[in-house]
Structures are given as structure tokens and as C-alpha cells.
Amino acid sequence: MKILIVDDSSTMRRIIINTLSRIGYSDVIEAEHGKAGLEKLGQGGVEMIITDWNMPEMDGLEFVTVVRGSNPSIPILMVTTNAAKEDIVAALQAGVNNYVVKPFTPDTLKEKIESLLG
Amino acid sequence: MDQSEIDALLNTGANKPTGKSKKAKETPSETPIAAPKGAETAADKDGQVISEIDAVTAVTERETNKVMDQLDLISQLIAKQQDLVTRVMQQPDAQAEGVQQALHEIMTSGKTIQDKVYEAMDLMQFQDITRQKLERIVFHLRQIHDYIIELLGTGLKSEGERANISRTIAQTGTTPDEKRTHADSVVEEFKRSQQKG
């Protein structure tokens with residue numbers, strides 16, 4: 001299971017990678033913004049995306065919208081500090097499958113990933 | 001990084017010559033009304049604050065990653081220790097009940113330390129959250145800065161001082177506490193409405 005993590009914070013990418021490794025997902029690739037995420041996605045093999053919202057170059061919402069234009073089925077989890085209802089709804093409308101507000105616990109991330117993967 | 005390095009980094013950002021001052025000298029026609037000296041200084045200070053906050057977020061991210069490196073190292077050492085203890089437990093000479101019990105306790109405490117290391121790693125999320133809160137402050141400071149400059153009619157903008165903030169920070173960013181909601185309930189509500197539709 002190859003997972004793409006898109007987040008401009010190197011600290012946050014490390015934390016997510018570390019958490020994924022602890023729950024059994026070690027095949028992970030990283031991108032620091034949406035544009036780089038699209039490039040990584042284009043290289044193929046990605047089966048799930050975990051993305052931040054607030055990023056330079058291309059933010060998470062635009063990234064999700066572009067991804068959904070060509071890939072309607074890949075599971076996408078948004079992990080962000082944005083916790084207002086209108087933000088969550090906007091992300092869901094853009095095509096996010098589920099939503100986690102930072103700071104998260106490993107258990108929350110595990111639960112969301114497992115529910116997305118069915 | 002010690003305090004002197006942090007100060008040096010901050011001073012580099014703060015004392016960097018700004019494009020706007022240069023532009024003002026090169027294009028006097030763009031400054032129909034001369035800004036009062038005190039007000040211009042206040043605007044310059046806004047620019048400095050933006051640079052300083054940007055530098056602080058960069059420093060804290062780098063330093064947080066150093067802490068993460070140390071935690072990673074501790075985690076690896078504990079894993080190595082656990083491996084060694086497991087091997088010792090299997091040795092014929094270590095089968096006495098007291099020895100086995102002691103080794104078992106070492107294993108248990110090692111697991112506890114590992115869990116605490118993971119918890120500490122998870123707590124490092126504060127860095128990203130604080131960074132985004134600071135970016136929000138930078139965004140608002142920049143708005144005030146540009147407003148003052150525009151008000152004074154100097155034609156000066158803070159383009160040269162752009163900190164590396166997210167494009168959508170104005171609309172989103174770290175959500176103020178009074179607007180925070182429970183994500184799971186919103187997701188469930190959205191999914192139900194989609195199913196009905």
C-alpha cells in the first residue's frame with residue numbers, strides 16, 4: 001500500500017510517516033505542496049493520499065479538486081488545522097473522503113485510514 | 001542553536017534592505033505626498049516584524065526536526081536494546097526464574113520508554129500548528145502594513161517582504177477556537193446528505 005503524504009511542514013510529514021510506520025504502513029512518498037503532489041501521483045502506484053490544506057504553490061483544496069478530475073476513486077484523507085464547519089464541508093465537496101483536525105492522535109489516524117481502506 | 005545564532009538569523013531578516021525603500025528613491029513620481037517620517041518608520045517596523053516572524057518559524061521548524069532526530073535515535077537504541085534482551089532471555093544460562101523476571105522487567109520498561117518517545121514525537125505537531133497561527137498573524141500584519149503605506153500615498157507595497165505563507169491563509173488557516181467544530185459529526189452529516197440527495 002503506497003501512501004502519498006502532501007504537507008509543507010517537514011515536521012508534520014515526519015510525524016505522519018512515523019505514525020503510519022507504527023500502524024503497519026511503511027511504503028510512503030512525500031510532497032511539500034499540491035503541485036509536487038501531482039507530480040508524485042503521476043509517477044504511479046499511489047493507493048491513498050493524506051494531504052494538508054494550507055500549503056504554498058498549490059493548496060490542499062485545489063490539489064484534491066485536480067486529483068478528483070482524473071482519479072475519482074483514490075481515497076483521500078485531509079489532515080489540517082482548519083476546523084471550521086464551512087472548511088470541512090468545502091473539503092468534502094472537493095472530494096475528500098475523510099477529515100482529521102490537527103493535532104491528531106495515532107489512534108485517530110489509524111481509525112480514519114482503516115475506515116477509508118474498508 | 002544558541003541564542004546568538006537565533007539573534008543573528010533574526011537580524012539578517014530584519015535588517016535586510018527592503019525593495020520598497022529603494023523603489024521609493026528611484027520613483028519619486030510615485031510619492032505625491034511625502035509620508036511623515038514617524039509613520040514611515042512604523043510601516044518599516046511592520047515589515048521587520050513580518051521578516052522576524054518568518055525567520056522564527058523557519059528556526060523552530062529546523063530545531064523541531066533536530067528534536068525529532070534525537071527521538072528517532074532513542075527509539076532505535078531502545079529497539080536494539082529490546083533485541084539484545086530477547087536474545088539474552090533465550091540463553092541457557094539465563095533461565096533462572098529471577099534472571100528471567102529481571103529481563104522481563106527490562107523489556108517492559110523499554111516498551112514504556114518507546115511509547116513515551118512516540119508520544120513526544122506526536123506532541124511535536126505543536127510546531128506546525130504554532131507556525132500556522134504565526135502565519136495568520138503575519139497575514140494580518142501585512143494587511144495593516146499595506147494599508148498604512150497606501151494611506152500615506154507612498155505607492156510602497158510589502159512585496160519584497162513576503163513571508164512564505166499559504167495562499168489561502170486569509171480564508172482558512174488555523175481556525176479560531178470559537179469557530180472550531182467536531183470534524184467527525186460534519187463528515188457524517190455531509191455523507192448522510194449526499195446519500196439522501
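Annotations for the structure displayed:
- Taking the Cα centre of chain A as origin and assigning +1 to Lys and Arg Cβ atoms and -1 to Asp and Glu Cβ atoms, the resulting dipole is close to 240 debye.
- The Cα-based radius of gyration and maximum Cα-Cα distance (Dmax) for the range A:1-59 are 10.7, 31 Å.
- Rounded FRET efficiency, nearest 0.05, which uses the C-beta distance separating B:Arg180 from B:Gln143 and R0 of 22 Å: 0.40
- Globularity index of chain A, i.e. its alpha-carbon radius of gyration over 2.2 N^0.38 Å: 0.94
- When the pairs B:Lys66/B:Lys179; A:Lys40/B:Lys80; A:Lys110/B:Lys196; A:Lys35/A:Lys110; A:Lys102/B:Lys133 are compared against a 24 Å limit on Cα-Cα distance, B:Lys66/B:Lys179; A:Lys40/B:Lys80; A:Lys110/B:Lys196; A:Lys35/A:Lys110 fall above it.
- Site pair A:Lys35 and B:Leu84 shows an inter-label distance of 4.9 nm when each label is modelled 7 Å from Cα along Cα→Cβ.
- Between chain B and chain A, the total buried accessible area stands at approximately 3200 Å², from heavy atoms with a 1.4 Å probe.
- Of the residues making up the range A:7-22, those losing 10 Å² or more of accessible area when the isolated chain is joined by the remaining protein chains, with a 1.4 Å probe, are A:Asp8, A:Ser9, A:Ser10, A:Thr11, A:Met12, A:Arg14, A:Ile15, A:Asn18, A:Arg22.
- Extending 7 Å from Cα along the Cβ direction at B:Gln100 and again at B:Gln76 yields two label points whose distance is 3.4 nm.
- Averaged over peptide B:127-136, the number of partner chain Cβ atoms lying within 10 Å of each residue's Cβ comes to 4.
The values are calculated or read from the model by the stated rules, or taken from the named source; none is laboratory data. Just so you know, these numbers come straight off a predicted model, no measurement behind them. Cβ coordinates were reconstructed from backbone atoms using ideal geometry, including for glycine residues, and neighbour counts include every protein chain displayed. Please note that ligands, DNA and RNA were not included when accessible areas were found on the heavy atoms of the full protein model with its side chains. Shrake-Rupley method; radii C 1.70, N 1.55, O 1.52, S 1.80 Å.
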